[in-house]
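The values are calculated or read from the model by the stated rules, or taken from the named source; none is laboratory data. None of these values were measured; they are calculated from a predicted model. Cβ: placed from backbone, ideal geometry, glycine included. Neighbour counts: every protein chain shown. With ligands, DNA and RNA removed, areas are computed over all heavy atoms of the protein, side chains included. Shrake-Rupley method; radii C 1.70, N 1.55, O 1.52, S 1.80 Å.
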Amino acid sequence: MKLSLGTYALGISGAVAVAIAQPAYAQTSIVTAVQLIQTDTGLSLTLESAAETPLQTFINRSGDSIVVDIADAQLQTSEGDTFQQDNPVDGIASITVKSLATNRIQVTIVGQSTAPEIAIDQQAGNLIFAVSTVDSDPVDPTRDPLASEQTDESEAEFADEAPLRLVVTATRTEEAIDDIGRSITVIDREQIEQQSIISADLADILGNLVPGFGPPNQLRTTRGQTLRGREAAVLIDGVPLSTNFRVNRQELRSIDPSAIERVEVIRGPSAIFGGQSTGGVINIITRRPVDGEAIIETQAGVSASLGDLEDDGFGTNLSLNASERADRADIRVSLSREETGSFFDADGNRNVSESSLSDTTSYNLLGKIGYDISEQQRLDLTLNYFNAQRETEFIASPATLLIPGRQTAQALRIRGLDREDNPEDISFLTNLSYSHNDLLGSEVRSQLYYQDTTARGEFADGRLGIDFFPFLFQSRLDSDRWGGRLQVETPLTGDETLNLLWGADYESQRNQQITAQFDADTFDNEQRLVTLQEFDFTPPYRVNSLGLFTQLDWEASESWLLRGGLRYENINLDVDDYFSVTRQRDIEGGSRSFDDVVFNASTVYQPAEEISLFASFAQSFSVPEFSRVLRLPPAGFVSVEDDFDITQPIKVTEYELGVRGNWPSFQTSLSGFYNTSDLGSSLVPNENGLLSIQRAPQRIYGVEATLDWQPADTWGLGGTVGWSEGENDVDRDDDYLPLNSGEIAPIKFTAYVENETLPGWNNRLQALIVGGRSRAADEGVEPLEIESYATLDFISSVDVGPGTLQIGIENIFDTQYFPAIAQFLSGFDDRNYVGGRGRTVRLMYSVEW
C-alpha cells in the first residue's frame, strides 16, 4: 500500500501545480506524435506539437520515479491518447505518456533502481526530454518540499485512473486516505471555491458537504453543528483553535475561505490529537506559496437578497492572493473583505437573530513566509488576522414572547442606534513551525503558536424579565493561549513497513467573560448605549494541558495495514478567588487536575486495489466547559477545589466499521459507528434561555455514506447521507432518554449533479434535505419537534476574458424554511425562530496573472 503510492502522489502534486498555474484563457496544445530514440547517455523523448507558445511543465521526483505534468495540452496521435514502452534501455523500467481529462499530459519515467535525470528543451513547438541513466547534476525543479501535501481530489475526478488522496490530519503524518482506518472527508480547493459562491461561511460549507456534521445554520456560531453528536476540535495548520470557553463557538469563523487550500475532517473521536476532539477533528490547511514566478489572484463579487430587494440586502466581496517562490524562500499573502448585507427569508422577514451573519463586515489577512534551511530542513511562519463586525439598527422584538404559541421573530428597529461597541469576532494567530525530514533517520515536526481572540455579542434588554440580568447589557469573551507541539516519526525497519510516531503537546489558555451594563434612561431617550459599569460574568480562569502520545504503524502486507497507539492527557484548572454576580456570594478559588489515558486502534484491509475495508476503536479525553459552572454556581458551591464534581472529565469510546471504494469513475464510502461515555456532557436550555451543563451516561450511534459517480468526462453526480441518534441516562436508572436536537441533528441528505456544458462552462445543481426529528419532543426532552425542509442551489462558472465568472443562486425556489437549530432554540425563546435565507444571488469574477 504505502510502498506503491509514490508515483501516484507525484501525479497528484503535479496536478495541483497545473491547476494553480494555468490561466483561465489558456488554449489547448495538441501533441500529434511521440518519438523515442536511444542516445549515448540514455534516451531522447520528443513530443511533437504545432504549438506557437511554449508548453508549461511541472516536474516532481520521488524514489525511482519522475512525473512531468504538461499544462493545457492533450495527446492525440494515430495510436491514441496513450504511449507506453517498458524497459526501453538499461536503467529505465518504463516510460508512459498519456492524456488526462483535466486538460493535461502526464509523462511518467520510472528508473530500474534509481530515478533517471532529465533535461527539458523546447524547439519549434516540440518538447524534448533528454533522459539520462548515468549520474549527472540533478535538475532542480524548484518545487515546494511540502507540495505532496497540497493534493486536490477534484483534479483527478474525471481522470483515467482513480486518484490517490493524501491527508495529514488523521494520523498527524502524511497518509493516503485508503490507508486510514477512519471515516474522513477532504474538501479541496476547487470545492471551497465552488461552494463559496453560495456561502462564504466555512461552517455552512461543511454543513453542505460533510456527512455527520450538522446542517448549515447561517449563524456566526456553530450552534447545532456537532460532529457525530459531539464537539469537534478545530485546527488551522495543526494549531488548535478550540478553547474550553465554548459559549457561541466561532472557531470556523477565524479565516476566510479564500485563504484555505483544503479542509480535512476526521469523523469520530481522536486520541492522537487530544482535548475537545470527542466528536472529531476539523483541520483547516491554509494555502501555500506556489513555485516559480509571482502569481497574483484577485476576486470581486456582489450578492443580493432577492424578494423585496431592500437597499441593505446587497453585499460585496473582494480578495487578493499573491505568492512567489525564489531560491529557498517563498511567501504568500491573502487579503479579503466581505460585506454580507442584510438577510431576508422567503416571506421577506429580516433575519434578526443575535448570532446572525447578516449586516456583517469582515476582514482577513493571512501571511506565510517559508525558508528551506537545507534540503531536509524547513522553517515556516504564519500570521492570520480575522475581524468581523456586525452593525445593524434591528433587533428581535421581545413582543413575540408575549404572544401564545411559536411566533416568527420580528424585527424591531432602533433608529439612530449609537453604540460604543458592535458585536464582533476578532482573532489573531501566529504559528512558527520547523521540520526536519531526516534527523538521525527520523522525521521531526515542531510548532510554537499564540492566539488572542475576542467575541462580543449583541446587546440585550433584560428589563422584561426574560433575560438573565434585569437591565440592558452586553457581554464579550476574551481568550488568549499559547502552546507547542512536537512529533517524531521513526522508521523501525529499512523498508518502512513499521513506523513509530511519538511526541508531546502543551497548551496554556486564559479565558474570561466581561459584561457591560448600559444606562437605561440614555437608551430610552437618545437611543445611545452608554456603559455604567463592567463586571466579570465569568471570572478569569486558566486551563493548562499536557498530552504525551505514541503510535505504531505496521504495514503487514501490501493489502493489510494496522495502526495503534495511546495518549496520556493531563488538564489543570486554576481559578482565583472571585465574587459571583449571579449568586451574590464569594467563591473560594483553587486548582483542579484531571488526567487519563486513551487508546486508539485501527486496521485497513484491501481485498482489491479499489476497495478498502476498515475498522477502528478510538477514544478521546476532554473536560466540560468550566465557565458555565463558574458564572452560575450550583446551590452549595463555595469552593473550586471542594465543590467542582460537575467538572469530571469526559471520556468517549467509539467503535466503527466501514468500507471505501475508489474506482476511476466511481467513489463511495459507507460506515457505521457507536460511541459511549460513562459521564457525557450536554448543553440544555434552562428557564432563563441559557444553556447549562447536564452530565449523564451517553450513547450515540449512526450511519454515514457518500457516493460520487462520473458517468462521462463531462458529467458528475453524487451525494451524502448522515443519520445519528443518541440518548442519555439522566437519572442513572438505565432509562435512557433522547438527547436534544441541539446535540443530535436530524437526518441529512445532500445530492448534486454537475456538467461541463461547454469547454470552460460548468454548471451544478445541489440539494440539501434535512429530515424531521420528533423523538426528543415526544418524550418531553424539548418543547417542539423539528420539521423537515429542503433547499436547492445552482452554481455556474464560465471563462470570460482573462478570468472566470461564477454565479450562485441560493434557494432558487425561494422556499420558506427554518434551519434545524432555529426550530430547536425557538422552543425556549421565539426570538430564535428566524427563517433561512430566501432566494439570494451572488456573482464573483476572478482572474489570475
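Overall dimensions of the chain, expressed as equivalent-ellipsoid semi-axes from the Cα gyration tensor (√(5λ), whole Å, largest first), are 48, 31, 25. With the charge dipole of the chain set up from +1 on Lys and Arg Cβ and -1 on Asp and Glu Cβ about the Cα centre, the Cα lying farthest toward the positive end among the listed residues Ala322, Gly658, Leu252 is that of Leu252.
Averaged per residue, the chain has 39 square angstrom of accessible surface, using a 1.4 angstrom probe with ligands and nucleic acids left out. Placing dummy labels 7 Å off each Cα toward the beta-carbon, the span from Ala304 to Thr668 is 4.3 nm. The length gained on full extension between Ser593 and Asp452, counted as 0.36 nm times the residue separation minus their Cα-Cα distance, comes to 48.3 nm. Charged side chains reduced to their Cβ positions (Lys and Arg at +1, Asp and Glu at -1) give the stretch 443-570 a dipole of some 280 debye around its Cα centre. Would you mind getting me the FRET efficiency between Val703 and Arg406? Use the beta-carbon distance for r and R0 = 25 Å, nearest 0.05. It comes out at approximately 0.20. How big is the gap, in Å, between the Cα center of the stretch 405-419 and the Cα center of the stretch 785-849? Measuring centre to centre over Cα atoms gives 23 Å. Taking each DSSP H run with n ≥ 4 as -39500 (n - 2.57) and averaging over every residue of the chain yields -2000 deg cm²/dmol at 222 nm. Loop-located trypsin sites (Lys or Arg not before Pro) in the stretch 667-773 (DSSP state other than H, G, I, E, B) with a sparse environment of at most 10 neighbouring Cβ atoms within 10 Å: Arg732.
Taking R0 as 25 Å, what's the FRET efficiency between Leu379 and Asn570 from their Cβ-Cβ distance, rounded to 0.05? The formula returns an efficiency of 0.25 here.
Roughly speaking, to the nearest percent, how much of the chain's 1.4 Å accessible area is carbon and sulfur?
Accessible surface attributable to carbon and sulfur in the chain totals 53 percent.
Near Val638, no amide H atom lies under 5 Å from its own; only residues 5 or more places off or on other chains count, and H is placed 1.01 Å from N. With both labels modelled 7 Å from their Cα along Cα-to-Cβ, the Val841 to Leu440 distance reads 6.6 nm. Here Lys651 is the anchor, and the aspartates and glutamates within straight C-alpha reach of less than 15 Å, apart from those fewer than 8 places off in the same chain, are Glu231, Glu569, Asp595, Asp596, Glu625, Asp678. A simple spin-label model places pseudo-atoms 7 Å from Cα toward Cβ; at Trp761 and Trp715 they are separated by 1.9 nm. Under DSSP H, which helices of the chain have Cα atoms covering 15 Å or more of the helix axis and a Kyte-Doolittle average no less than -0.5? Helices passing the filter in the chain: 6-21. Sparsely packed loop sites in the stretch 507-570 (the chymotrypsin sites (Phe, Trp or Tyr not before Pro) outside DSSP H, G, I, E and B with at most 16 other Cβ atoms within 10 Å) do not occur. Counting only the Cα atoms, the stretch 166-293 fills a convex hull of 110 Å³ per residue.
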